[in-house]
Amino acid sequence: YLYGPVGSGKSTLCSQVCEVFGLELFVKTATFEPTELTGFKSIDGSYQMPAFVRLFRDGGCFVFDEFDRCDGQVIQVLNDSLANGFMFLPDGARVDRHKDFILIASGNTPMLGGDAMHIAERQDEAVRDRFLFIEVQYDEKLELQTAPHNAWTRHVQAIRKACLKLKLDIVVSPRASYTGGLYSDISSWDELE
């Protein structure tokens with residue numbers, strides 16, 4: 001479970017892990033319907049298989065973004081399938097977990113509930129026990145190396161530090177460095193170097 005502030009690179013990290021291991025990647029943002037994971041029987045009685053079941057059965061990486069915002073029924077489907085190594089589908093079929101199936105969940109909180117900056121559900125310990133928690137923070141050195149304009153980026157980082165020091169509920173992510181450096185009047189920022 002990767003957790004950290006908005007724009008810290010959690011989704012990018014997941015994509016890079018899949019590329020290294022040659023795994024198919026599917027990203028799903030917080031969901032509130034278990035059928036989005038288990039699938040459903042359509043009006044004609046045929047089973048509609050979602051990406052989660054396909055990857056669970058055939059291997060691949062399912063990234064569940066904003067996991068800390070999910071409904072408890074959805075979490076229960078994941079708990080059961082991860083704990084048991086198999087799941088039952090709405091049509092009664094049993095699907096076993098492929099040896100190369102990986103679930104990476106991510107969110108802004110460590111699943112202990114929300115705060116002024118993040119809407120999130122507190123998850124019980126049975127859920128939290130299924131995961132290894134890895135905190136992902138802003139890498140300001142990387143931000144300086146990859147953003148288009150150093151002076152602008154240093155200015156963004158100074159604003160970020162000031163917001164943290166003043167305990168303001170304002171997100172100042174590296175996205176501000178990347179987009180602001182492209183669209184600001186670059187010459188006016190040279191004095192900040």
Any lysines whose Cα falls less than 22 Å from that of Lys28, other than same-chain ones fewer than 8 residues away, would be Lys10, Lys41, Lys99
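Where the accessible area of segment 32-127 is counted over protein heavy atoms with a 1.4 Å probe, how much of it, in %, is carbon and sulfur? Working shown, then result.
Values: 2340 of 4750 Å².
The computed percentage sits at 49.
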Computed about the Cα centre, the charge dipole of segment 45-193 from +1 Lys/Arg and -1 Asp/Glu charges at the Cβ has a magnitude in debye, to the nearest 20, of 200
Here the convex hull volume per residue of the chain, taken over Cα atoms and given in Å³, is 144
Taking a ≥ b ≥ c as the square roots of the Cα gyration tensor eigenvalues, with a/c under 1.5 meaning rounded and otherwise prolate when a/b beats b/c or oblate if not, segment 1-103 comes out prolate
Residue-normalised 222 nm signal for the chain, counting each DSSP H run of n ≥ 4 as -39,500 (n - 2.57), nearest 500 deg cm²/dmol, is -11000 deg cm²/dmol
Expressed as a whole-number percentage, the relative contact order of the chain with C-alpha contacts under 8 angstrom and at least six residues apart is 24
Excluding residues fewer than 8 positions from Lys161 in its own chain, the lysines with Cα under 20 Å of it are Lys141
Here the percent of antiparallel bridges among DSSP beta bridges lying wholly in segment 45-193, to the nearest 5, is 45
Result for the chain: accessible area per residue, probe 1.4 angstrom, in square angstrom, of 57
Between the residues Ser46, Tyr1, Trp152, the Cα farthest towards the positive end of the dipole of the chain, that dipole coming from +1 and -1 charges on the beta-carbon of Lys, Arg, Asp and Glu, is from Tyr1
Sorted by chain and then number, the residues having a modelled amide H within less than 5 Å of the amide H of Asp71, at least 5 places away or on another chain, are Thr31
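The values are calculated or read from the model by the stated rules, or taken from the named source; none is laboratory data. Please read these numbers as outputs of a predicted model, since none were measured by experiment. Heads up, the Cβs are rebuilt from the backbone with ideal geometry, glycines too, and the neighbour counts pull from every protein chain shown. These accessible areas exclude ligands, DNA and RNA; they are computed on the full protein's heavy atoms, side chains included. Shrake-Rupley method; radii C 1.70, N 1.55, O 1.52, S 1.80 Å.
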